[in-house]
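Throughout, read-outs are computed from the coordinates displayed, never taken from laboratory work. Predicted model, so just to flag it, every value in this text is computed and none were measured. Here Cβ is always computed from backbone atoms with ideal geometry, including for glycine, and neighbour counts include all displayed protein chains.
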Amino acid sequence: MMRKPAPLRRGDVVGVIAPAAAVDETFVRAGVQVLEAAGFRVRLGTAVLKKAGYLAGTDRERVADIHDMFRDPEVTAIIAARGGYGSGRLLSQLDLSLIRHHPKIVVGHSDITFLLNDFVQRAELVTFHGPMVNGLPQRPAATDFLCRLLGNGRQGWSEAAPVVIRPGTAEGLLVGGCLSIVVAMLGTPYAIETRGRLLFLEDVNEKPFRIDRMLMQLRYAGVFDDVAGVIFGEMDGCVAPGNPPVSVREVIDAAFASAPYPVAFGLPSGHGAGTLTLPLGVRARLADERLTLLEPSLAEQC
């Protein structure tokens, strides 16, 4: 059974970690101000502003921040400062027993896809594919949606993607995130289990031929063989000039032309202007273009 974290209330402590790339202090401070204006207290991890080459501190320091936030009884939610690169380096060092026994809200996207799905899969913890601290000042609508979702779990949450690639209806546990990270997990002990699940995929600034290559790799690896359904994000900036030009939509159309399950495109979550925070590890239904949560993403409070 999946573990669901407690809702986030005004006055609660939000922990900020940087499990991947080094961050710019100016952007972090600006994001912290947004969280504080929303009524939360903020606690920075000790490694957030450190640098070890292109990483936010050493692997040991970044893992310690994750563990410290889960141990801290005052911290209700943990939000990544940014993505970039580096979260995947931490998977073998995580204390899953600690995480499993102290369920908390965890939010991020991009490179944080490593952690979100590992927590779903190995710690059986519901996680949240949503905006990160660096981007909060530029994305007020996404920030508002995040706070409302984390406050009540949005039971009955239902949103539509603008394009149906393959019609149909399917139900399953919602997993996934950044396409390039999902591909990077293939062939490792941390590869995402997709059998009978709804797979969400999004990415940014990848040329259509690279999207094609990644989708083919997933297909050859059997990822799409028994999936319940697939839903794509906005794929922001995934364009390239050509003669004639080929769009990422055309690539996806071709890749799933004979899929026996529903496939939708354009759900606004992740990179780009997307406003939606997606709970991962909860049951959902994809009916043509509409994605509906079938259960609350947070624990019920007495």
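Details
- Taking every DSSP bridge with both residues inside the chain, close to 40 percent are antiparallel.
- Distance between the pseudo-spin-label points of Thr292 and Glu74 (7 Å out from Cα toward the beta carbon): 4.3 nm.
- FRET efficiency estimate (nearest 0.05) - Cβ-Cβ, Arg89 to Ala37, R0 35 angstrom: 0.60
- Between 0 and 90°, nearest 10: helix 25-37 axis offset from the chain longest Cα axis: 80
- Among Tyr261, Tyr54, the ranking by other beta carbons within 10 Å of each residue's beta carbon, starting with the fewest, stands as Tyr54, Tyr261.
- Region 158-293 shape via C-alpha gyration tensor axes, a/c threshold 1.5: rounded
- Pair Ala273, Glu300: separation of 7 Å Cα→Cβ label points (nm): 4.0
- Kirkwood-based Rg to Rh ratio, region 101-236, C-alpha trace: 0.95
- Axis angle, to the nearest 10 degrees, between helix 59-71 and the longest C-alpha principal axis of the chain: 70 degrees.
- Computing FRET efficiency as 1/(1 + (r/R0)^6) for Arg283 and Asn152, where r is the C-beta to C-beta distance and R0 is 25 Å, gives about 0.90.
- Full-stretch length increase - Val239, Arg100 - with 0.36 nm per residue and alpha-carbon distance subtracted: 46.0 nm
- Charged side chains reduced to their Cβ positions (Lys and Arg at +1, Asp and Glu at -1) give region 158-293 a dipole of some 180 debye around its Cα centre.
- Partners of Lys50 within straight-line reach, counting aspartates and glutamates whose Cα lies under 15 Å from its Cα and excluding those fewer than 8 residues away in the same chain: Asp24, Glu25, Asp59, Glu61, Asp65.
- Modelled this way, with points 7 Å down the Cα-to-C-beta line, the labels at Glu124 and Ala160 are 3.7 nm from one another.
- DSSP-assigned coil residues among trypsin sites (Lys or Arg not before Pro) in region 59-148, each with at most 12 further Cβ atoms within 10 Å: none
- With eigenvalues of the C-alpha gyration tensor scaled by 5 and rooted, the chain, Å: 29, 21, 19
- Degrees separating the helix 208-220 axis from the principal Cα axis of the chain, which is the longest one: 90
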